[in-house]
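Trainee: Structure below; questions to follow.
The values are calculated or read from the model by the stated rules, or taken from the named source; none is laboratory data. Just so it is clear, the structure is predicted and the values come from calculations on it, not from any experiment. Ideal geometry is used to build each Cβ from the backbone, glycine not excepted, and the neighbour counts take in all protein chains shown. Surface accessibility is based on the protein's heavy atoms, side chains included, excluding ligands, DNA and RNA. Shrake-Rupley method; radii C 1.70, N 1.55, O 1.52, S 1.80 Å.
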Amino acid sequence: VQLQASGGGLVQAGGSLRLSCAATGGTFGDNVMAWFRQTPRKEREFVAEISRRGGLTRYTDSVKGRFTISRDNAENTVYLQMNSLKPEDTAVYYCAAETTGILYSSSSHYDFWGQGTLVTVSS
């Protein structure tokens, strides 16, 4: 599975961005998908994940009510809609895929990773 993330950029606090992650290879509908983020001072942090058919989602507490993960299995794409962005959301965002079907908010659980897209939120 190859993952290509896009959609990052510079936005003011309170603004919105939508990240996309396009998957090729494998069978997208077999993968639980997730977004993680990382800054130079922190380890990679779980942000959100979504089940194979999109019926179940999980979020880290700091983004609940602001971020929404979704997927389009026909387009082999997972999205992260980010609203009410804060400076502390600044990070490189990575999409990830795993094949067991289990939602588990740990980077070690995920087998495939995209290259990352930078999100910068200015105050």
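Trainee: Could you give the length gained on full extension between residue 13 and residue 118, defined as 0.36 nm per residue of separation minus the Cα-Cα distance, in nm? The partial results should precede the final answer.
Mentor: Numbers: separation 105, 0.36 × 105 = 37.80 nm, distance 1.52 nm.
Between residue 13 and residue 118, full extension yields 36.3 nm more.
Trainee: Name the most mobile residue of 49, 88, 98, meaning the one with the largest mean-square fluctuation, in a Gaussian network model of the chain with Cα contacts below 10 Å.
Mentor: Of 49, 88, 98, the Gaussian network model singles out 88 as fluctuating most.
Trainee: Picking from 105, 20, 84, which is most flexible by a Gaussian network model of the chain using Cα springs under 10 Å?
Mentor: Judging by the Gaussian network model, the answer is 84.
Trainee: Tell me the carbon and sulfur percent of the accessible area for the chain, rounded to whole percent, probe radius 1.4 Å. Write down the numbers at each step before the final one.
Mentor: Values: 2830 of 6270 Å².
Here it works out to 45 percent.
Trainee: Right, another one. With all protein chains present and a 1.4 Å probe, how do 89, 61 order by accessible area, largest first? All intermediate terms of the calculation are to be shown ahead of the outcome.
Mentor: Numbers: 89 0, 61 115 Å².
Order by accessible area, largest first: 61, 89.
Trainee: Taking only protein heavy atoms and a 1.4 Å probe, what accessible area per residue, in Å², does the chain have with all protein chains in place?
Mentor: On a per-residue basis, 51 Å².
Trainee: Moving on. Quick one: Debye curve from the alpha-carbon atoms of the range 56-109 only, equal weights, vacuum; give me log10 I(q)/I(0) at q = 0.21, 0.25 Å⁻¹ to two decimals.
Mentor: -1.00, -1.31
Trainee: Moving to a separate point now. Taking the convex hull of the alpha carbon atoms in the chain, what volume per residue do you get, in Å³?
Mentor: Details: hull volume 10.9 nm³, N = 123.
Taking only Cα atoms, the chain has a hull volume of 89 Å³ per residue.
Trainee: I need the calculated FRET efficiency for the pair residue 100 and residue 43, taking r as the beta carbon distance and R₀ as 22 Å, to the nearest 0.05. If you can, show how the numbers build up before the last one.
Mentor: Values: r = 22 Å, r/R0 = 1.02.
Calculated transfer efficiency: 0.45.
Trainee: If you don't mind, another one. I'm a student and want to see the number: the projected area of the Cα convex hull of the range 18-78, averaged over all directions, in nm². Spell out each step's value before the answer.
Mentor: Values: hull surface 19.2 nm².
For the range 18-78, averaging the hull's shadow over all directions gives 4.8 nm².
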